[in-house]
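Here's the structure, in structure tokens; my notes come after.
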Amino acid sequence: MDDTLNKMAQGVEGDPNPDEQLDAEALYARGMAHYRRREWQRAMEYFVRLKALEPNRPGIDALLDELDWFIQLQAMGPEGQAAEAETAQAGAAAEPEVREVTPRPPKARRVPVRFNWRVLIWPLVLLVVAFGAYLIFKTQQPDPIDVLYNRAQAKMTVGDYEEAIQIYEQILERDPNHKGAQFGLDKARRLANLSILYQNARTYIANEQWDLAWAELNKILEIDPGYSDASTLASFVERRKTVADLYKEGQTYYESGEWGKAIDRLERTRSLDAAYNAQSVRKMLFESYVNEAKRLLDDPASRAADIRLAIQHLSSALTINPQESKTAAIKSDAESYLAGLVAFSNGEFDLAQARFSRLYTSQGEYPIRNAANWLYKTYIARGDALRDGGRYTEALAQYRQAQSVVGVDTAEAQARIEDILTNYATPTPTTTPTRTPTRTRAPTNTPVPPTATPVPPTQPPPPPPTRPPTATPEPPTPTRPPR
């Protein structure tokens, strides 16, 4: 009704002459003329214009409501026309007039009140008309269960699952066998649970609680693998969870001095997410690389492959912090140390001795402690080579230089010296050749005077080998204070 009244008040279709300018009294007069002729639609048009002109005019709203009922009854057909006729007769007799009510002046004497039956009939007619209209309206309304079901579906569409659950439960209270409500209730409960899990996961992600977020997203994917962006979030959380776990493990190994494991975890952290705690990762990685390199350099069991790995670690540390001059100096010494090891393994003892001697005598940024041990081994190896070549004096000089190396056990060098002095440098006694006896004939009966058989003179023995002098001058031995 409101839409119809608004259109009529604005002078749209239905007004015979919307441009005609009429005052309030003229509109009222024309409207009442149509009202008496039961031309309800035309009367409605004029009274709507009157309402627009004087919104607060007394009685205008009641008159418009009455005309609206008449229009509805007219549209109903014969039954409505009968009720319309009765109402029209009562209306014609009453001829309601909408005018402003002004207070009457007080009268000198009280006039007796007369009962008007028309006043009683009119409300009754309106009550009957209203009841009939209610019945018609009631018959046109859909089933209440369908209304509830449509409302529940609308709540599902906008994601108000809790409200939808309540409405579905109301439907099932009235009709327990309603299939749509049963299916809708299950779906609403499932979606409500998924929504709660999803919101929890989002909250945990915002707080970087990756384990809790991962657990919530896994629950969602078990129920509905295609729910929203749960799969994408799960991949993101899994990656961040892995990064966080690796970082935590790397930090633990760093604090406990397990440099190799710390390097592995921190490098994997950086490869998965270079921005994750970047400054802390770089600091721990740098120190882990340097300390692991030092460990390899200090390990007596380290060989060339281990020293190469140490040099790689120092290079990685310099990649992180190229301005670290101390690390560059350690790397240079490590490379010299590696060259000495390679030369030693190839039998190039002169080159190995030069490398190890420089590291032994130098005071580098980080002294290579094993340089003394390898210098000692080099002296022994050179001495053995000279001894095997019969150059005993030079061999003794190498063994005595080995004895001068500080910080190593020189028992082996001492044994070599004693062996040369005992078995190689002392003259070996020779046996004197004796005359071979000659056969003599058996004595005969004729005595033969004994004759002296000449014996050849004994040859003098060969001269003994010359013993190397014990006071052979030795080359100056590098000394190094004990560490």
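The values are calculated or read from the model by the stated rules, or taken from the named source; none is laboratory data. Note that the structure is predicted; figures quoted are calculated from it, not measured. Neighbour counts run over all protein chains shown; Cβ positions are idealised from the backbone, glycine included. Keep in mind that these areas ignore ligands, DNA and RNA; they rest on the heavy atoms of the full protein, side chains included. Shrake-Rupley method; radii C 1.70, N 1.55, O 1.52, S 1.80 Å.
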Considering amide H positions built from the backbone, and no H for Pro or chain starts, which residues 5 or more places from residue 406, or on another chain, come under 5 Å of its amide H?
480
Where the Cα atoms of the stretch 26-76 are projected onto their three principal axes, how long is each span, largest first, in whole Å?
32, 18, 13
³J(HN,Hα), Karplus 6.51/-1.76/1.60, whole Hz, each residue of the stretch 61-72, x for Gly, Pro:
5, 5, 5, 5, 5, 5, 5, 5, 5, 4, 5, 5
Give me the accessible area of residue 173, 1.4 Å probe, in Å² rounded to the nearest 10.
150 Å²
Cα convex hull of the stretch 152-209 - mean projected area over all directions, nm²:
4.0 nm²
Could you run the Karplus curve 6.51 cos²θ - 1.76 cosθ + 1.60 with θ = phi - 60° over the stretch 397-403 and give me ³J(HN,Hα) per residue in whole Hz, x for Gly and Pro?
5, 5, 5, 6, 5, 4, 5
Dipole of the stretch 135-241 (Lys/Arg Cβ +1, Asp/Glu Cβ -1, origin at the Cα centre): which of 201, 235, 218 lies farthest to the positive side?
235
Taking N as the number of residues in the stretch 121-280, what value does Rg over Cα atoms divided by 2.2 N^0.38 Å take?
1.89
Where the stretch 309-431 is the region considered: accessible area per residue in Å², 1.4 Å probe:
48 Å²
So what are the radius of gyration and Dmax for the Cα set of the stretch 211-342, in Å?
19.8, 66
For the stretch 204-278, compute Rg over Rh where Rg is the Cα radius of gyration and Rh is the Kirkwood radius from the inverse mean 1/r over Cα pairs.
1.10
Give me the percent of accessible area attributable to carbon and sulfur for the stretch 178-222, probe 1.4 angstrom.
49 percent
Tell me, what HN-Hα J-couplings in whole Hz come from the Karplus equation 6.51 cos²θ - 1.76 cosθ + 1.60 at θ = phi - 60° for each residue of the stretch 26-33, using x for Gly and Pro?
5, 4, 4, 5, 5, x, 5, 4
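Once you have the Cα-Cα distance between residue 222 and residue 150, take 0.36 nm times their residue separation minus that, and quote the gain in nm to one decimal.
22.9 nm
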